[in-house]
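Undergrad: I'd like to ask you about the structure that follows.
The values are calculated or read from the model by the stated rules, or taken from the named source; none is laboratory data. Note that the coordinates shown come from a computational prediction; the quantities given were computed from them, not determined experimentally. Each accessible area value is taken on the protein alone, full model and side chains, heavy atoms only, with ligands, DNA and RNA left out. Shrake-Rupley method; radii C 1.70, N 1.55, O 1.52, S 1.80 Å.
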Amino acid sequence: MDFITILGLLAATLTTLSFLPQLLKTWQSKSAKDVSFIMLITFNLGVFIWLIYGIYLQALPIILANGVTLFFNIIILWLKIKYR
């Protein structure tokens with residue numbers, strides 16, 4: 001693995017894991033009132049497009065980061081709807 005791929009994977013790991021505290025807080029508190037519904041929809045759409053872009057480029061860091069980020073944020077969106 002070259003340096004650029006490792007750098008991309010490190011960035012992907014950090015940005016993806018940054019959503020974990022929000023996910024856990026929303027899950028534990030059973031409240032997502034402070035999370036914007038429009039932001040979640042817009043962000044999920046953008047992450048989905050990044051995922052498609054990464055697949056097209058066959059760029060592992062982009063694919064992994066956006067696949068996991070999309071998964072986490074779909075859960076947050078689901079909790080937002082569930083705890084409405």
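Undergrad: With a 1.4 Å probe and all protein chains left in place, how much of the accessible area of the chain comes from carbon and sulfur atoms, in whole percent?
TA: Heavy-atom surface of the chain belonging to carbon and sulfur, 1.4 Å probe: 74 percent.
Undergrad: So, one more: For the range 6-16, just list the computed ³J(HN,Hα) in residue order, Karplus coefficients 6.51, -1.76 and 1.60, θ = phi - 60°, integers in Hz, with x standing in for Gly and Pro.
TA: 4, 4, x, 5, 5, 4, 4, 4, 5, 5, 5
Undergrad: For the chain, report the accessible area per residue in Å² (1.4 Å probe, heavy atoms, rounded to an integer).
TA: Ligands and nucleic acids excluded, the figure is 71 Å² per residue.
Undergrad: Could you tell me which of rounded, prolate or oblate describes the range 1-63, using a ≥ b ≥ c as the square roots of the eigenvalues of the alpha-carbon gyration tensor, with rounded for a/c under 1.5 and, failing that, prolate when a/b is larger than b/c and oblate otherwise?
TA: Oblate.
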